[in-house]
Every structure is written in structure tokens, then in C-alpha cells.
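Derivation of every value follows stated rules applied to the coordinates shown; laboratory data play no part. Computed from a predicted model, the values in this text were never measured in an experiment. Note: ideal-geometry Cβ built from the backbone for every residue, glycine included; neighbour counts use all protein chains shown.
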Amino acid sequence: MTRIAVLDRAEMNPEQGRVYDTAKQTTGIVGGPYTAYIRLPKLFEACQNLRSCLADGPLSRREQQIINMVVARYWNARYPWYAQVRNSLSIGIEQGIINAINARTTPALADARERTCFVVANELLAHKRLSDETYATALAAMGLEDLVAVVATTGSFSMTCLTASAFSVDPPANNPVPLAE
């Protein structure tokens with residue numbers, strides 16, 4: 001059960017209402033950890049802007065989803081995992097890849113950039129840095145701008161996962177692929 005009450009639109013103050021309405025009209029994303037962020041409207045808005053910036057950045061949707069699943073799995077964040085599995089399936093990421101990430105094993109990723117996203121996100125989370133070898137390999141595979149996007153996506157989605165976990169934002173009961181224990 002969530003630890004934080006979900007505010008109805010009628011309960012929001014004017015600033016909360018403004019950022020909520022803007023998000024609803026643009027991205028439609030107002031649930032999950034945003035139920036906490038709405039308490040700080042500037043944070044809500046900044047998170048929406050960062051999310052939009054990264055979504056419009058150099059990484060493909062598949063690359064973004066692989067990073068997000070790695071991050072949600074690392075933090076054992078149930079709602080973000082649910083949302084990212086749903087998004088991943090909708091863009092054609094194979095169930096086997098999802099299952100491997102859920103099982104904390106290396107998925108069979110044919111695309112070198114997708115493999116790099118997986119490795120970089122995993123290593124950053126596990127070791128709080130990138131080894132010289134991983135950095136050089138990632139730089140060669142992705143280029144500097146795209147590597148910056150991988151690191152930023154890993155960090156940004158970590159905040160989302162930590163928020164969802166801290167406030168026990170749970171997925172719906174009909175979650176088709178729950179986190180493995």
C-alpha cells in the first residue's frame with residue numbers, strides 16, 4: 001500500500017494544479033512517483049522536463065528502455081519496473097530480454113549499442129563508476145554525447161525508482177511481469 005496519499009486534482013493548490021495540468025496535457029504522466037513529486041511543483045516540473053529532454057535525446061527508445069529496466073531492477077522498484085516492462089513490450093523488446101534483466105542475468109542483445117547501455121548502467125549502479133576498459137569500450141561504441149545520455153538516464157531513473165520505493169508506490173494487482181524475488 002502506498003505511503004503517500006494521491007492528491008485529487010481538486011485538492012491541489014494553484015501551483016500544483018498548474019504543473020499537473022501541463023503534464024496531463026503534454027506527456028500524460030502524472031502517476032507513479034509523480035504522486036510524490038506533486039508536493040513540490042517545481043520538482044515535478046523539473047522531472048517532467050528532464051524526462052522529456054532525455055526522451056528526445058540521442059538514445060533510441062529501446063536503449064532507453066533497457067537502461068530503465070536495469071535501473072528499476074537494481075533498485076527493486078516495483079512500480080517503475082511494471083511501467084518499464086509495459087513500455088518495453090509496447091516497443092517490441094522481447095520477453096526473453098525482460099526476463100533476463102529481471103533474473104539479474106545478461107540478456108542476449110544483438111545490437112552493440114543496446115549491449116553497451118546494459119553494461120554501462122549495470123556497472124555504474126554496481127560499482128558507482130565505470131572502469132577504464134568499460135569507459136573506452138562505451139565511448140567507441142556510442143560516442144561521447146550518447147554516453148553522457150546513458151549516464152544521465154541511469155541517474156535520472158534512479159531518482160524515480162528511489163522515490164517510488166520510498167513512498168511504496170505499487171504497481172496494479174494485474175502486473176503481468178512482477179519483479180523476481
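Brief remarks follow.
- Computed log₁₀ I(q)/I(0) - Debye formula, equal Cα scatterers, no solvent, segment 109-181, q 0.20, 0.21 Å⁻¹: -0.90, -0.94
- Where only alpha carbons of segment 61-166 are counted, the Rg and the Dmax (Å): 12.8, 37
- For 4, 66, 93, 101, order by how many other beta-carbon atoms lie within 10 Å, fewest first: 4, 93, 101, 66
- Residues 35, 106 in ascending order of nearby Cβ atoms (within 10 Å, fewest first): 106, 35.
- With viscosity 1.306 mPa s and temperature 10 °C, the Kirkwood radius over alpha carbon pairs of segment 9-55 converts through Stokes-Einstein to a diffusion coefficient of 152 µm²/s.
- Alpha-carbon radius of gyration plus Dmax, which is the widest Cα pair, for the chain in Å: 16.6, 53
- Candidates 150, 119, 71: whichever shows maximal mean-square fluctuation once the chain is modelled as a Gaussian network with Cα springs under 10 Å: 119
- The residues 60, 168, 158, when put in order of fewest to most other Cβ atoms within 10 Å, stand as 168, 60, 158.
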